[in-house]
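Read through the structure below, which is laid out as structure tokens, and then see the notes.
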Amino acid sequence: MDQAEQLRNIIKASNVQRPVARVITVTSGKGGVGKSNTSINLAIQFRKMGQRVIILDADFGLANIEVMFGAVPKHNLADLIYQGMKIKDIITWGPNEVGFISGGSGIAGMSNLNREHLTYIVQNLAELDAITDIIIVDTGAGISDAVLEFLVASGEILLVTTPEPTSITDSYSLLKALSRHSRFSSENSQVKVIANKVENAAEGQALFNKLNAVVARYLKLPLSYLGAVPEDPMLSKAVMQQMPVSLQTPTAKSAVAYEQIAATLMNREMSQSVKKRGMAAFFSHIVTGKKFTTNSNQ
């Protein structure tokens, strides 16, 4: 029995009447476009709507989420996988009771685990589904095997881009690599675009239209537009003080934009356009996929 079949059997056995969390993966074609800020502020906005939220920081080698949280986690996912810790023991609780899990380097080694390890991990991930409503996966920036594996595993992808020509080009390159991935299916994965650091709503819409036109012509990949987050000095100030702008200055124009985007995402969920996979199923896609490296080409 190969590992893929083992995982299917394990997940099937743990799938009896268990709740399933909504997994949202946030990504970008290059660094510095505000991906981690987007993850954190959407998490805060979801919490304000009464949702239980946990962020998984899957950005290998960087600690953007924990820096913005102002909290250093004592444990990461590798402690669950290799040290036998429980899922609740590796969650760090940040502002507004948003949970945070550091991925560390543990995820990359999951394709070599035996059945005993897999059973333990899936059981814990199923428990994570039970204690949260939304899991936000903050990937690394750029195109790497690691990033693509996360995107392929996700049913809901948020692509953050800016008006900078390099950001648009890198976003297209990421979507091109994703569309050509052997296990990617546009029927099972929705790609939604957020225009960040724009002057106004019109510039955000124009940015999406430009990217969407090229993607539709050459990649035949459907995109949807979530909205724009304006350039905002209040957001920069909040980052310097290690606080999400959605908490520090809720009336700031960037915070209001995040609130609107979160509301749009929740409305789409209510219309049942999103298929919830849960965290156990999310990781099963990663583990049963090909081995990958964590080097990012930015």
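Would you tally the residues in region 222-253 being at positive phi and modelled with pLDDT of 95 or more?
In the first step, residues of region 222-253 are kept if they are at positive phi; the result is 227, 242.
Filter again for modelled with pLDDT of 95 or more, leaving 227.
Total satisfying the criteria: 1.
Please pick out the residue among 254, 186 that is farther than 28 Å from residue 282 by Cα and outside any strand (DSSP E or B).
None of the other options fit; the residue is 254.
From the residues in region 68-77 that are among the hydrophobic types (A, V, I, L, M, F, W, C) and surrounded by 19 or more Cβ atoms within 10 Å (Cβ to Cβ), which one is modelled with the highest pLDDT?
77
Of all residues in region 148-193 being surrounded by fewer than 22 Cβ atoms within 10 Å (Cβ to Cβ) and of a type in the set (D, E, K, R), which is nearest to residue 204 (Cα to Cα)?
164
Is it the case that residue 8 is outside any loop (DSSP other than H, G, I, E, B), among the charged types (D, E, K, R) and modelled with pLDDT under 80? Outline the logic, then answer.
Numbers: outside any loop (DSSP other than H, G, I, E, B): yes; among the charged types (D, E, K, R): yes; modelled with pLDDT under 80: yes.
Answer is yes for this residue.
For residue 272, state whether it is of a type in the set (S, T, N, Q), surrounded by fewer than 16 Cβ atoms within 10 Å (Cβ to Cβ) and modelled with pLDDT of 95 or more.
No; evaluated as a whole, the condition is false for this residue.
If you go through region 214-237 one residue at a time, how many are part of a helix (DSSP H, G or I) and farther than 25 Å from residue 31 by Cβ?
So the count comes out to 2.
Which residue pairs have Cβ atoms under 6 Å apart, sit 6 or more places apart or on different chains, and have a first residue in region 231-260 that is more than 14 Å from residue 44 (Cα to Cα) and a second that is assigned to a loop (DSSP other than H, G, I, E, B) and of a type in the set (Ser, Thr, Tyr)?
The qualifying pairs are 234/249.
Of 44, 65, 40, which residue is surrounded by 22 or more Cβ atoms within 10 Å (Cβ to Cβ), over 20 Å from residue 280 (Cα atoms), modelled with pLDDT under 90 and in contact with a Phe, Trp or Tyr (Cβ under 8 Å, 6 or more places away or on another chain)? Before the answer, list the steps.
Values: 44 fails: modelled with pLDDT under 90; 40 fails: modelled with pLDDT under 90.
Going through 44, 65, 40 in turn, just one is surrounded by 22 or more Cβ atoms within 10 Å (Cβ to Cβ), over 20 Å from residue 280 (Cα atoms), modelled with pLDDT under 90 and in contact with a Phe, Trp or Tyr (Cβ under 8 Å, 6 or more places away or on another chain): 65.
Since residue 202 meets every condition but one in (1) in a helix (DSSP H, G or I); (2) closer than 19 Å to residue 259 by Cβ, which condition does it not meet?
Residue 202 satisfies every listed condition except (2).
The values are calculated or read from the model by the stated rules, or taken from the named source; none is laboratory data. Everything numeric in this text was worked out from a predicted model, so none of it was measured. Please note: Cβ atoms are built from the backbone with ideal geometry, for glycine as well, and neighbour counts cover all protein chains shown.
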